[in-house]
Every structure is written in C-alpha cells, then in structure tokens.
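The values are calculated or read from the model by the stated rules, or taken from the named source; none is laboratory data. Note that the structure is a prediction, hence the values are computed from the model and not measured. We place every Cβ from the backbone using ideal geometry, glycine too, and count neighbours over all the protein chains shown.
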Amino acid sequence: MVNSWLNNAHHYFTTTDCVLCGAASGLASDLCESCQADLPINQLACPRCALPLPHETGVLCGQCQTQPPYYQSAFVPYRYESPLPGFITGLKFNARLSNARLLGTLLRDALLANPPFRPDCLLPVPLHPHRLRQRGFNQALEISRPIAKALSLPLLKKGVHRYRDTRPQSDLDGESRRRNMRNVFRIEQGLNYRHVAIIDDVITTGTTVNELARVLKKAGVETVHVWAVARA
Ligand SMILES: [Zn+2]
Ligand SMILES: [Zn+2]
C-alpha cells in the first residue's frame, strides 16, 4: 500500500507522459524527445513576416515587398502543421489549459536558443471581453507567462483593448480582412514602452498582429516585434 503510494508519488513528481505518444517525457516536459524533434520547424521563412517559403531565398516574401507590415520582424519557430493545430484548437476550443504551458514552453525554448531583439515588454494579443467571458482565459496571455518569467519581462495586461469582436479572418479576402480589423484595438493611455513584442498563438494572415502593430506605433511605440508559436 505504502509502496504503491510511493511509486505513484514518484511517478507524479518525476515524470510526465508525452501528450502525443504517451512515452515518458521526463520532468516537466509535455513532449518526449522524439516527438519534440519531429515538430515542423519554420526554417525557410520570410525574414520579415515569418511566412513559410518553399525554399530559402533570403529575400522578403511578395507581400512584404509590396506592402511591408508595421512590425519590424516576426519570430515564429513552427509551421502551423500537425501537431500544432491540435495543440492550439485544444487550447482555444476545449479549454485544455495545459496546452498553453506546452505552447508557451515551445516558444520560450526557441527564443532562448535564438535570442532575437529584446523588447521592453510583452503584449499578448487582447481578446474581446465577450470572447474572454466565453472562453474563460486569453490563450495569448497564458502562452506569454513562461516567456515573461524566463526573460524577466513585464506582461502588458491592461491598457490595450479589443473593441470589436471580429469575424474569423479566414472567411475573408485580403481587402475585407483589413476592413474587418479597422478600429479593433484601442490604447487607453500612453504606453511607457518603446519596444514591444506582441505574443500570439498562431499567425495565419497576419492581419490581426499587423493592425495591433499599427495602433502601437501610432501611440508612439518605436519598434514592434511579433512572437508566435506557429505560422500558417
Ligand atoms: Zn512522444
Ligand atoms: Zn513576408
């Protein structure tokens, strides 16, 4: 009895099982080494917006050449391919909060391995209050926590508001997307930060983070960077 309790306690404190294959994954890690090594790394990407490219070109993608984004750079270590969509939809729609730790840890480790520009603060993309009530948490904020802790950076949780609940961007074409996003974000008071990193779970079209970057720069922020886990 005591032995089995001890075994359970030992198991509880020293190992977790890989969320993908069930193999023991070691202390405080949600993925085993081999599943971690199989993740789709976003290696060949546009240096500005992190759009995955079919082969290394060293030049900006077409979109960034014709209409560069308001943000300076995007750091997005994974492509939005299996198993990332499962992690992200599990977090957003099935409230699997443990996935936030997993996603935040993946982004944190990638940032620690390739330290990009160091901002003054992290800004998780705000959710509309209605969506926040529905979901109970902001996934971008949850993903930001391990990063803020590891890099000792303040997390901006107030002062930037999302005023309109937008339609899913994927239903819309480019021009409608931009129109859909207009006046979505508002900054309540002057921000005391010069360099901001926006944090999000996944970047699909990039319209949301670009609109947020536009509003931040209008409010006097000098440089805006985008850090996200996955890029479609
Ligand atoms: Zn595994
Ligand atoms: Zn680009």
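Total residues in segment 40-53 satisfying the condition of being more than 10 Å from ligand 2 (Cβ to nearest atom), surrounded by fewer than 19 Cβ atoms within 10 Å (Cβ to Cβ) and assigned to a loop (DSSP other than H, G, I, E, B): the figure is 3.
Filtering Leu127, Leu153, Leu141 for residues that are in a loop (DSSP other than H, G, I, E, B) and either within 20 Å of Asn94 (Cβ to Cβ) or outside the structural domain of Val221 (by TED's automatic domain parsing) (or both) leaves a single hit, Leu127.
Looking at segment 70-87 only, could you name the residues that are within 16 Å of ligand 1 (Cβ to nearest atom), touching a residue at least 12 places away in the same chain (Cβ under 8 Å) and surrounded by fewer than 20 Cβ atoms within 10 Å (Cβ to Cβ)? Matches in segment 70-87: Ser82, Pro83. Each residue in segment 189-204 was checked for being in contact with a helix residue (DSSP H, G or I) (Cβ under 8 Å, 6 or more places away or on another chain) and either part of a strand (DSSP E or B) or surrounded by fewer than 18 Cβ atoms within 10 Å (Cβ to Cβ) (or both), and 8 pass.
Only one of the listed residues (Arg194, Arg177, Arg182) is of a type in the set (D, E, K, R) and modelled with pLDDT of 90 or more. That residue is Arg194.
Restricting Arg178, Arg164, Arg186, Arg214 to those that are in a loop (DSSP other than H, G, I, E, B) and either loosely packed, with under 12 Cβ neighbours inside 10 Å or of a type in the set (Lys, Arg) (or both) reduces the list to Arg164. Within segment 54-69, residues that are in a loop (DSSP other than H, G, I, E, B) reach partners that are of a type in the set (Lys, Arg) and surrounded by 10 or more Cβ atoms within 10 Å (Cβ to Cβ) with beta carbons closer than 8 Å, at six or more positions or on different chains, in the pairs Leu60/Arg48; Cys61/Arg48; Pro68/Arg48; Pro69/Arg48.
Residue-by-condition table, conditions (1) touching a residue at least 24 places away in the same chain (Cβ under 8 Å); (2) in contact with a strand residue (DSSP E or B) (Cβ under 6 Å, 6 or more places away or on another chain):
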position: Thr89; (1), (2): no, no
position: Asn94; (1), (2): no, no
position: Arg101; (1), (2): yes, no
position: Ala110; (1), (2): yes, no
position: Pro115; (1), (2): no, no
position: Val125; (1), (2): yes, yes
position: His130; (1), (2): yes, no
position: Arg135; (1), (2): yes, no
position: Ala140; (1), (2): yes, yes
